[in-house]
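Q: Encoded as C-alpha coordinates, here's the structure I'll be asking about.
The values are calculated or read from the model by the stated rules, or taken from the named source; none is laboratory data. Computed from a prediction, not measured in an experiment: that's the story for all the values here. Please note: Cβ atoms are built from the backbone with ideal geometry, for glycine as well, and neighbour counts cover all protein chains shown.
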Amino acid sequence: MHFVAARTGAYADVGLDVTLVDLRAGELPHDASVACGAAHFAALAGAEIRIWLIASAAPLFWLYGRRTYAEPASIASYPPGTPPARFLALALGAKPVLIPARDDAARLALVVSGQADYALLSSATPPPRVEALEPLFCLADRVPVPSTGVATEGVGGDRVPRLVGAHRRALGLIAEHPAIAREGVREAFGFTDPEAAWILGAVRRHFTHDGRLPLPQLNAAMRTLGLKRSPYAPGVAVEAQLGGMPTNPPRPSR
(Lines give C-alpha, C1' and ligand atoms only; values in the text may rest on other atoms or scores of the structure.)
Protein backbone atom coordinates (compact mmCIF):
# COMPACT_ATOMS: atom_id res chain seq x y z
CA MET A 1 0.00 0.00 0.00
CA HIS A 2 2.96 2.33 0.56
CA PHE A 3 4.07 2.04 -3.05
CA VAL A 4 0.54 2.57 -4.39
CA ALA A 5 0.02 5.56 -2.08
CA ALA A 6 3.29 7.12 -3.25
CA ARG A 7 2.68 6.35 -6.92
CA THR A 8 -0.85 7.79 -6.98
CA GLY A 9 -0.14 10.96 -4.97
CA ALA A 10 -2.14 9.89 -1.90
CA TYR A 11 0.57 11.13 0.46
CA ALA A 12 0.84 14.50 -1.22
CA ASP A 13 -2.93 14.92 -1.11
CA VAL A 14 -2.90 14.66 2.70
CA GLY A 15 0.18 16.83 3.11
CA LEU A 16 2.69 14.12 4.03
CA ASP A 17 6.23 13.40 2.91
CA VAL A 18 6.66 9.71 3.73
CA THR A 19 9.92 7.76 3.82
CA LEU A 20 9.90 3.97 4.05
CA VAL A 21 12.62 2.81 6.46
CA ASP A 22 13.89 -0.77 6.39
CA LEU A 23 14.61 -1.47 10.06
CA ARG A 24 16.90 -4.34 9.16
CA ALA A 25 19.40 -1.62 8.23
CA GLY A 26 19.38 -0.27 11.80
CA GLU A 27 17.01 1.11 14.39
CA LEU A 28 16.28 4.52 12.93
CA PRO A 29 13.71 6.96 14.34
CA HIS A 30 10.26 6.46 12.86
CA ASP A 31 6.75 7.72 13.51
CA ALA A 32 4.73 4.64 12.60
CA SER A 33 5.23 1.00 11.68
CA VAL A 34 3.61 -1.00 8.88
CA ALA A 35 4.35 -4.29 10.67
CA CYS A 36 1.17 -5.24 12.52
CA GLY A 37 2.76 -8.58 13.39
CA ALA A 38 5.55 -6.87 15.31
CA ALA A 39 2.97 -4.55 16.88
CA HIS A 40 0.92 -7.49 18.16
CA PHE A 41 3.89 -9.16 19.77
CA ALA A 42 5.05 -5.85 21.28
CA ALA A 43 1.57 -5.41 22.76
CA LEU A 44 1.73 -8.96 24.08
CA ALA A 45 4.97 -8.01 25.87
CA GLY A 46 3.22 -5.04 27.50
CA ALA A 47 4.18 -2.15 25.20
CA GLU A 48 1.66 0.65 24.67
CA ILE A 49 0.89 -0.15 21.05
CA ARG A 50 -2.02 1.01 18.94
CA ILE A 51 -2.91 -0.51 15.58
CA TRP A 52 -4.76 2.10 13.52
CA LEU A 53 -5.21 0.33 10.20
CA ILE A 54 -5.15 -3.29 9.07
CA ALA A 55 -4.00 -3.96 5.52
CA SER A 56 -3.41 -7.71 5.53
CA ALA A 57 -5.74 -9.83 7.65
CA ALA A 58 -3.11 -12.58 7.94
CA PRO A 59 0.64 -13.11 7.37
CA LEU A 60 1.69 -13.53 3.74
CA PHE A 61 4.63 -15.92 4.08
CA TRP A 62 4.92 -19.32 2.42
CA LEU A 63 6.60 -22.55 3.54
CA TYR A 64 8.42 -24.16 0.61
CA GLY A 65 9.78 -27.69 0.34
CA ARG A 66 10.02 -30.82 -1.78
CA ARG A 67 7.31 -32.78 0.02
CA THR A 68 4.51 -32.45 2.53
CA TYR A 69 5.71 -31.01 5.81
CA ALA A 70 6.77 -33.65 8.32
CA GLU A 71 8.58 -33.56 11.64
CA PRO A 72 11.33 -33.51 12.64
CA ALA A 73 12.44 -30.83 10.23
CA SER A 74 14.78 -27.88 9.96
CA ILE A 75 13.47 -24.71 8.39
CA ALA A 76 15.49 -21.88 6.87
CA SER A 77 13.62 -19.00 8.40
CA TYR A 78 13.60 -15.54 9.80
CA PRO A 79 15.48 -15.33 13.11
CA PRO A 80 13.73 -16.78 16.19
CA GLY A 81 11.59 -14.18 17.94
CA THR A 82 10.69 -12.28 14.77
CA PRO A 83 7.00 -12.14 13.78
CA PRO A 84 7.34 -14.50 10.76
CA ALA A 85 9.12 -17.11 12.88
CA ARG A 86 6.53 -16.81 15.64
CA PHE A 87 3.68 -17.04 13.14
CA LEU A 88 5.32 -20.14 11.68
CA ALA A 89 5.38 -21.81 15.11
CA LEU A 90 1.67 -21.02 15.50
CA ALA A 91 0.93 -22.47 12.05
CA LEU A 92 2.78 -25.70 12.79
CA GLY A 93 1.58 -26.05 16.36
CA ALA A 94 5.16 -26.71 17.44
CA LYS A 95 8.54 -25.06 17.61
CA PRO A 96 10.54 -26.31 14.63
CA VAL A 97 14.31 -26.16 14.37
CA LEU A 98 14.99 -22.79 12.73
CA ILE A 99 18.10 -21.91 10.77
CA PRO A 100 18.07 -18.10 10.54
CA ALA A 101 19.05 -16.45 7.27
CA ARG A 102 19.16 -12.83 6.19
CA ASP A 103 16.75 -12.95 3.22
CA ASP A 104 14.76 -15.19 0.86
CA ALA A 105 17.76 -15.94 -1.37
CA ALA A 106 19.84 -17.11 1.59
CA ARG A 107 16.98 -19.24 2.89
CA LEU A 108 16.56 -20.91 -0.48
CA ALA A 109 20.30 -21.56 -0.67
CA LEU A 110 20.17 -23.43 2.64
CA VAL A 111 17.51 -25.78 1.28
CA VAL A 112 19.24 -26.31 -2.07
CA SER A 113 22.50 -27.12 -0.30
CA GLY A 114 20.75 -29.63 1.97
CA GLN A 115 21.40 -27.67 5.18
CA ALA A 116 17.65 -27.17 5.71
CA ASP A 117 14.57 -29.16 4.77
CA TYR A 118 12.21 -26.23 4.16
CA ALA A 119 12.31 -22.49 3.63
CA LEU A 120 9.96 -19.76 4.84
CA LEU A 121 9.72 -17.14 2.09
CA SER A 122 8.09 -13.75 1.79
CA SER A 123 5.80 -12.41 -0.92
CA ALA A 124 8.86 -10.74 -2.48
CA THR A 125 9.76 -14.15 -3.98
CA PRO A 126 7.11 -15.47 -6.41
CA PRO A 127 6.83 -19.24 -7.02
CA PRO A 128 8.33 -19.06 -10.57
CA ARG A 129 11.59 -17.90 -8.97
CA VAL A 130 11.75 -20.93 -6.67
CA GLU A 131 13.26 -23.84 -8.57
CA ALA A 132 12.73 -27.45 -7.48
CA LEU A 133 10.57 -26.46 -4.49
CA GLU A 134 6.83 -26.11 -4.10
CA PRO A 135 4.79 -23.88 -1.80
CA LEU A 136 3.38 -26.23 0.85
CA PHE A 137 1.10 -23.70 2.53
CA CYS A 138 0.68 -20.03 3.26
CA LEU A 139 0.77 -18.90 6.89
CA ALA A 140 -2.32 -16.79 6.13
CA ASP A 141 -4.36 -19.99 5.76
CA ARG A 142 -3.43 -21.15 9.27
CA VAL A 143 -2.85 -18.02 11.39
CA PRO A 144 -5.77 -15.51 11.44
CA VAL A 145 -3.72 -12.60 12.76
CA PRO A 146 -3.32 -9.24 10.95
CA SER A 147 0.29 -8.75 9.85
CA THR A 148 0.47 -5.48 7.92
CA GLY A 149 -1.07 -2.06 8.53
CA VAL A 150 -0.29 1.09 10.51
CA ALA A 151 0.75 0.94 14.16
CA THR A 152 2.24 3.42 16.61
CA GLU A 153 3.62 3.34 20.10
CA GLY A 154 1.11 5.15 22.30
CA VAL A 155 -1.54 7.37 20.78
CA GLY A 156 0.59 8.55 17.86
CA GLY A 157 0.82 12.10 16.52
CA ASP A 158 -1.45 14.29 14.47
CA ARG A 159 0.04 12.90 11.25
CA VAL A 160 -1.22 9.39 11.94
CA PRO A 161 -4.83 10.04 10.80
CA ARG A 162 -3.50 11.48 7.55
CA LEU A 163 -1.22 8.48 7.02
CA VAL A 164 -4.14 6.15 7.70
CA GLY A 165 -6.27 8.08 5.22
CA ALA A 166 -3.62 7.74 2.50
CA HIS A 167 -3.28 4.02 3.13
CA ARG A 168 -7.04 3.50 3.11
CA ARG A 169 -7.15 5.18 -0.27
CA ALA A 170 -4.34 2.89 -1.47
CA LEU A 171 -6.19 -0.19 -0.20
CA GLY A 172 -9.28 0.88 -2.14
CA LEU A 173 -7.22 1.29 -5.30
CA ILE A 174 -5.63 -2.15 -4.85
CA ALA A 175 -9.08 -3.70 -4.47
CA GLU A 176 -10.87 -1.81 -7.23
CA HIS A 177 -8.16 -0.95 -9.77
CA PRO A 178 -5.83 -3.94 -10.18
CA ALA A 179 -4.03 -2.33 -13.13
CA ILE A 180 -2.75 0.47 -10.87
CA ALA A 181 -1.68 -2.05 -8.24
CA ARG A 182 0.01 -4.26 -10.85
CA GLU A 183 2.10 -1.39 -12.18
CA GLY A 184 3.07 -0.41 -8.64
CA VAL A 185 4.23 -3.94 -7.88
CA ARG A 186 6.17 -4.21 -11.12
CA GLU A 187 7.93 -0.92 -10.46
CA ALA A 188 8.67 -1.50 -6.76
CA PHE A 189 9.82 -5.14 -6.90
CA GLY A 190 10.86 -5.66 -10.51
CA PHE A 191 8.18 -8.31 -11.04
CA THR A 192 7.10 -9.62 -14.42
CA ASP A 193 3.41 -9.52 -15.32
CA PRO A 194 2.79 -13.15 -14.18
CA GLU A 195 4.68 -12.50 -10.93
CA ALA A 196 2.71 -9.32 -10.29
CA ALA A 197 -0.52 -11.20 -10.99
CA TRP A 198 0.49 -13.86 -8.46
CA ILE A 199 1.12 -11.46 -5.59
CA LEU A 200 -1.98 -9.41 -6.37
CA GLY A 201 -4.02 -12.60 -6.22
CA ALA A 202 -2.69 -13.27 -2.73
CA VAL A 203 -3.21 -9.67 -1.71
CA ARG A 204 -6.81 -9.59 -2.93
CA ARG A 205 -7.55 -12.70 -0.87
CA HIS A 206 -6.17 -11.35 2.39
CA PHE A 207 -6.01 -7.54 2.19
CA THR A 208 -8.82 -5.39 3.54
CA HIS A 209 -10.53 -2.78 1.39
CA ASP A 210 -10.47 0.02 3.95
CA GLY A 211 -8.19 -0.97 6.82
CA ARG A 212 -10.92 -2.49 8.97
CA LEU A 213 -11.89 -6.01 10.04
CA PRO A 214 -15.07 -7.29 11.72
CA LEU A 215 -14.85 -7.50 15.48
CA PRO A 216 -15.08 -11.35 15.58
CA GLN A 217 -11.92 -11.56 13.47
CA LEU A 218 -10.10 -9.15 15.76
CA ASN A 219 -11.14 -11.15 18.80
CA ALA A 220 -9.98 -14.37 17.10
CA ALA A 221 -6.58 -12.78 16.47
CA MET A 222 -6.31 -11.75 20.10
CA ARG A 223 -7.19 -15.27 21.28
CA THR A 224 -4.62 -16.79 18.91
CA LEU A 225 -1.85 -14.66 20.40
CA GLY A 226 -3.09 -14.68 23.99
CA LEU A 227 -3.62 -10.92 24.14
CA LYS A 228 -5.54 -9.79 27.21
CA ARG A 229 -5.87 -6.13 26.20
CA SER A 230 -6.85 -4.83 22.77
CA PRO A 231 -4.17 -3.00 20.77
CA TYR A 232 -6.75 -1.90 18.21
CA ALA A 233 -7.47 1.82 18.01
CA PRO A 234 -11.06 3.10 17.63
CA GLY A 235 -12.24 2.79 14.05
CA VAL A 236 -10.27 -0.31 13.12
CA ALA A 237 -13.30 -2.59 13.38
CA VAL A 238 -16.64 -1.73 11.78
CA GLU A 239 -18.65 -3.31 14.60
CA ALA A 240 -16.43 -1.69 17.20
CA GLN A 241 -17.52 1.74 15.98
CA LEU A 242 -21.11 0.82 16.75
CA GLY A 243 -20.89 -1.21 19.93
CA GLY A 244 -17.50 -0.51 21.44
CA MET A 245 -14.63 -2.88 22.03
CA PRO A 246 -15.26 -5.67 24.53
CA THR A 247 -11.72 -5.35 25.84
CA ASN A 248 -10.07 -2.43 27.55
CA PRO A 249 -8.49 0.06 25.13
CA PRO A 250 -4.78 0.82 25.53
CA ARG A 251 -3.80 3.63 27.90
CA PRO A 252 -2.00 6.64 26.40
CA SER A 253 1.76 6.38 26.85
CA ARG A 254 3.19 8.52 29.61
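Q: Which of (1) farther than 21 Å from residue 57 by Cα; (2) free of Cβ contacts under 8 Å to residues at least 40 places away in the same chain does residue 162 not meet, given it meets every other one?
A: (2) is the only condition that residue 162 fails.
Q: Across the range 155-175, what is the number of residues that are β-branched (Val, Ile, Thr) and more than 15 Å from residue 18 (Cα to Cα)?
A: 2
Each row is one residue, and each column tells you yes or no for (1) of a type in the set (Ser, Thr, Tyr); (2) under 15 Å from residue 221 (Cα atoms); (3) buried (at least 23 other Cβ atoms within 10 Å of the Cβ).
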{"position": "79", "(1), (2), (3)": "no, no, no"}
{"position": "87", "(1), (2), (3)": "no, yes, yes"}
{"position": "91", "(1), (2), (3)": "no, yes, no"}
{"position": "95", "(1), (2), (3)": "no, no, no"}
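Q: Then there is this: Go through the range 155-211 and give me each residue that's of a type in the set (S, T, N, Q) and either modelled with pLDDT under 90 or closer than 17 Å to residue 128 by Cβ (or both).
A: 192
Q: Only one of these conditions is not met by residue 224: (1) at pLDDT 90 or above; (2) under 19 Å from residue 59 (Cβ atoms); (3) in contact with a strand residue (DSSP E or B) (Cβ under 7 Å, 6 or more places away or on another chain). Which number is it?
A: (3)
Yes/no per residue for (1) hydrophobic (A, V, I, L, M, F, W, C); (2) at pLDDT 90 or above; (3) surrounded by fewer than 17 Cβ atoms within 10 Å (Cβ to Cβ):
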site: 17; (1), (2), (3): no, yes, yes
site: 20; (1), (2), (3): yes, no, yes
site: 32; (1), (2), (3): yes, no, no
site: 49; (1), (2), (3): yes, yes, no
site: 61; (1), (2), (3): yes, yes, no
site: 75; (1), (2), (3): yes, yes, no
site: 98; (1), (2), (3): yes, yes, no
site: 105; (1), (2), (3): yes, yes, yes
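Q: State all residues of the range 209-219 that are free of Cβ contacts under 8 Å to residues at least 40 places away in the same chain and either part of a loop (DSSP other than H, G, I, E, B) or closer than 18 Å to residue 173 by Cβ (or both); if no residue qualifies, say none.
A: If the condition is that a residue be free of Cβ contacts under 8 Å to residues at least 40 places away in the same chain and either part of a loop (DSSP other than H, G, I, E, B) or closer than 18 Å to residue 173 by Cβ (or both), then 209, 214 are the ones that fit.
Q: Cβ contacts < 9 Å: first residue over 15 Å from residue 158 (Cβ atoms), restricted to the range 1-18; second residue in a helix (DSSP H, G or I) and of a type in the set (Val, Ile, Thr), any location; separation 6+ or different chain. Result?
A: 1/174; 3/185; 4/174; 4/180; 4/185; 7/180; 8/180; 10/4
Q: Which residue out of 55, 45, 25, 39 is modelled with pLDDT of 90 or more and either surrounded by fewer than 21 Cβ atoms within 10 Å (Cβ to Cβ) or under 30 Å from residue 114 (Cα atoms) (or both)?
A: 45
Q: Taking the criterion of being polar (S, T, N, Q) and more than 24 Å from residue 160 (Cβ to Cβ), would at least one residue in the range 77-96 satisfy it?
A: Checking the range 77-96: at least one residue is polar (S, T, N, Q) and more than 24 Å from residue 160 (Cβ to Cβ).
Q: Go through the residues of the range 167-180 one by one and say whether even a single one is among the β-branched types (Val, Ile, Thr) and outside the structural domain of residue 67 (by TED's automatic domain parsing).
A: Among the residues of the range 167-180, at least one is among the β-branched types (Val, Ile, Thr) and outside the structural domain of residue 67 (by TED's automatic domain parsing), which makes the answer yes.
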